[in-house]
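Shown next, in structure tokens, is the structure this report addresses.
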Amino acid sequence: MDVTAILDPLNSAQRDAVSSQAKHLLVLAGAGSGKTRVLVHRIAWLIQVEQISPYSLLAVTFTNKAAREMRARIEDLLGYSGQGMWVGTFHGIAHRLLKMHWQQAGLPENFQILDSDDQLRLVKRVYQTLGIDDSRWPYRQAQGFINAQKDEGLRARHLQPAQDPYQRTMQQIYTAYEEACERGGMVDFGELLLRAHELWLQQPELLQHYQQRFRHVLVDEFQDTNAIQYAWLRMLAGNQVPLMAVGDDDQSIYGWRGAKVENILNFSRDYPDTQTVRLEQNYRSSKNILDAANAVISRNVDRLGKNLWTDDPDGEPIALYAAFNEHDEARFIADRLQDWTSQGNLREEAAILYRSNAQSRVLEEALLRAGIPYRIYGGQKFYERQEIRNALAYLRLLVNRNDDAAFERVVNTPTRGIGDKTVQGLRELARDEGMSLWRAAQKAVDESLLPGRASNAVAGFLALIDELEEGVVELPLAEIADHVIARSGLIDFHRREKGDRGESRVENLQELITACRGFEPEDKALSALPQFLDQAALDAGDRQADAGADAVQLMTLHSAKGLEFPLVILAGMEENLFPHRMSVEEPGRLEEERRLAYVGITRAMQKLYLTFAESRQQYGSESYNAVSRFVRDIPAGLIEEVRLRTHVQRPTSYAQKPTVSLSDSGADTGLSLGQRVTHHVFGEGVVLNFEGNGAHARVQVNFDNEGSKWLVLSYAKLTPLC
Ligand SMILES: Nc1ncnc2c1ncn2[C@@H]1O[C@H](COP(=O)(O)OP(=O)(O)OP(=O)(O)O)[C@@H](O)[C@H]1O
Ligand SMILES: [Mg+2]
């Protein structure tokens, strides 16, 4: 039997893990140390050496993409198909079990899966039935409550009757929601896991069947399992099925979704006959990159502690680019990607990673302009996002009341008591009369064709749109968008949502206002709004690269887990953006942000760029954030600052602003041309130029050692030298 193919490409610690005879295995190791590789080789070992049938193996990964890759790598190693083996995510496996055993799980054969939006709609219906006021208890709060209970394995009936109004209301909603799901044969994501767990609890024979079938269960990214997932695993393993868990406490980034990094600690306690293997050699990244990652994560207090080293050469320095603003940043990134491909590399070897989805818009625009194909992984393109489409629909109605698609989209978003029945009635009326929905709605109101309450609600909507238009006719585009987004209630609607999701939708809406501010109409004589809407529609079209085409990968840091790329660009390395402004105050969340930074840096193999913008349109206004603390944590010797400023053409947004020259005196800055100054980071230099005024005033200084830089005066803290 030839096992060389399985063991040869491994170091000795990895081989120990792959060929271990211990009953249970825990591989606890840092990023890029080969955890996933060990898991894959262990499976090949079990099949080839231990003669275990693929049918008796269950492997759990974090994403479907990872599951597909894992299967392909195993098949490569074995040289034949691993058919019969179960490889998937917790959700995927739970779904498969419930499909096979729907009767025992108490489900109809064709039960329906609710995604997060479907779930929210169902929650709304429950509110209506119970007569609960969503201005007091936002829908998203209830949705978050339900999901959090399910992640903990709790049904409504398990909850202690509560006195306080919040708990009482949430429990009441949860109970009614469960009944509605039961009646409709509907299963949300959390329910998949919960029911799969109950399947084990309630059907001991079935559990026994699977315990006999699965001779080994292996789990990747174990640090991000939640309570119900771990409980499910433990039930399945009982005291007979060997488990292998691989993970890295430093990469636990889903705490906000109920993941429990303690599961790693609990594992060795729950399974005393566990062999723990630590892997310390990193094979992914150059030494510079790894040193940077180690420096960043070492500032966390709450760690199990690991040593990670590499044999690789230092490699290229980490490049840091301080951009004027986010457009300059995006253009810089597009240029670097051009360089990358012109050196004969593939686009798909390059990834741009960012903290918040809203950041992708400016990056997408720069890539489109530069003609660089890109793909957004695990997310939607900016103009396709639901909240953006809603806001655009309001704007479209201002331009054209007869836009039926826009009408349908927002007539009841945010909810204003216009139910499906009313909308259906309007549709029929519009069809019969051959008119638009808007006109049909007017007619229905004028001629009292609707029941009183519905009629009032529809009249309210019509009045809102008219009023919006009156309020904005003369305003610049960005103010129109700002006004419409605020007055339509969309911001409040999303702000009331619980958790990161609502926050991210609000950020996206504010980003839309920013987009309007930077929009340059082609035809200045015409109104900007319709031109902007056309542009947005085009951007939302299929300009994203075809599947399979060579394209740069864009994704959030969260979606980048487990992946690796020769070139990584971490964009938006600024305080308040990353770490996210919501997390700076709380030590626990800050540690999670730092782990996310560690995940980001360790995705890079050869070259890492860090970019930040000295000024950025953020949350609807211009902000000046300091460079991220995570950049400052990296030893200066590993970083090389990229200096392009003097060669770079000034960003158009600046070029087109009237420049107020203060060059005679530096006005009230206390500085003058040719004056020597000192800066706490860049040292001494000479003032070359001034630009702008007030909060936007900037100064160009030619530093003796650092070359020429533009700095924002109010932040630069320059001290004049005689
Ligand atoms: N012994 C080895 N020899 C050569 N290359 C290796 C070895 N072990 C792992 N690698 C390579 O190192 C890279 C990182 O491995 P892998 O993705 O398995 O790490 P990981 O620990 O799972 O990382 P992460 O924590 O990011 O999920 C991969 O390209 C892998 O093929
Ligand atoms: Mg991995």
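The values are calculated or read from the model by the stated rules, or taken from the named source; none is laboratory data. The structure presented is a predicted model; accordingly, all values stated were derived computationally and were not measured. Don't worry about glycine lacking a Cβ; one is built from the backbone with ideal geometry, like all the others, and counts go over all protein chains shown. The accessibility values were calculated without ligands, DNA or RNA, using every heavy atom of the protein model including side chains. Shrake-Rupley method; radii C 1.70, N 1.55, O 1.52, S 1.80 Å.
Numbers at a glance
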read-out	value
Scope the stretch 333-357; condition among the aliphatic types (A, V, I, L, M), closer than 24 Å to Ala597 by Cβ and open to solvent by 10 Å² or more (accessible area, probe 1.4 Å); matching residues	none
Any chance Asn110 is without any contact (Cβ under 8 Å) to a residue 60 or more places away in the chain, away from ligand 1 (no atom under 14 Å from the Cβ) and surrounded by fewer than 18 Cβ atoms within 10 Å (Cβ to Cβ)	no
Flag for Ala330 being over 30 Å from Ala22 (Cα atoms) and either buried (at least 20 other Cβ atoms within 10 Å of the Cβ) or free of Cβ contacts under 8 Å to residues at least 24 places away in the same chain (or both)	yes
Any hit, the stretch 700-715, residues being farther than 16 Å from Glu614 by Cα, modelled with pLDDT under 70 and outside any loop (DSSP other than H, G, I, E, B)	no
Test: residue in the stretch 370-377 that is assigned to a helix (DSSP H, G or I), at pLDDT below 90 and under 19 Å from Ala537 (Cβ atoms)	no
Entirely in the stretch 31-114, the strands (runs of 3 or more DSSP E) that have 2 or more residues that are away from ligand 2 (no atom under 16 Å from the Cβ) and modelled with pLDDT of 95 or more	57-61
Checking Glu182 against (1) open to solvent by 10 Å² or more (accessible area, probe 1.4 Å); (2) in contact (Cβ under 8 Å) with a residue 12 or more places away in the chain, the condition it does not meet	(2)
The one condition in (1) assigned by TED's automatic domain parsing to the domain that holds Lys607; (2) within 27 Å of Ala478 (Cα to Cα); (3) without any contact (Cβ under 8 Å) to a residue 40 or more places away in the chain that Asp335 fails to fulfil	(2)
From Glu614, Glu586, Glu622, Glu574, residue being away from ligand 1 (no atom under 16 Å from the Cβ) and closer than 16 Å to Ile253 by Cβ	Glu586
Residues within the stretch 403-457 that are part of a helix (DSSP H, G or I), farther than 27 Å from Pro530 by Cα and of a type in the set (A, V, I, L, M, F, W, C), tallied	5
Filter result for Asp250 (crowded, with 19+ Cβ neighbours inside 10 Å and within 16 Å of ligand 1 (Cβ to nearest atom))	yes
Every residue from the stretch 37-61 that is within 12 Å of ligand 1 (Cβ to nearest atom) and crowded, with 21+ Cβ neighbours inside 10 Å	Val38, Leu39, Val40, His41, Arg42, Thr61
Qualifying residue in the stretch 448-456 (condition: touching a residue at least 40 places away in the same chain (Cβ under 8 Å), open to solvent by less than 50 Å² (accessible area, probe 1.4 Å) and not aromatic (Phe, Trp, Tyr))	no
Yes/no for Ser20 being of a type outside the set (A, V, I, L, M, F, W, C), in contact (Cβ under 8 Å) with a residue 60 or more places away in the chain, away from ligand 1 (no atom under 11 Å from the Cβ) and in contact with a Lys or Arg (Cβ under 9 Å, 6 or more places away or on another chain)	yes
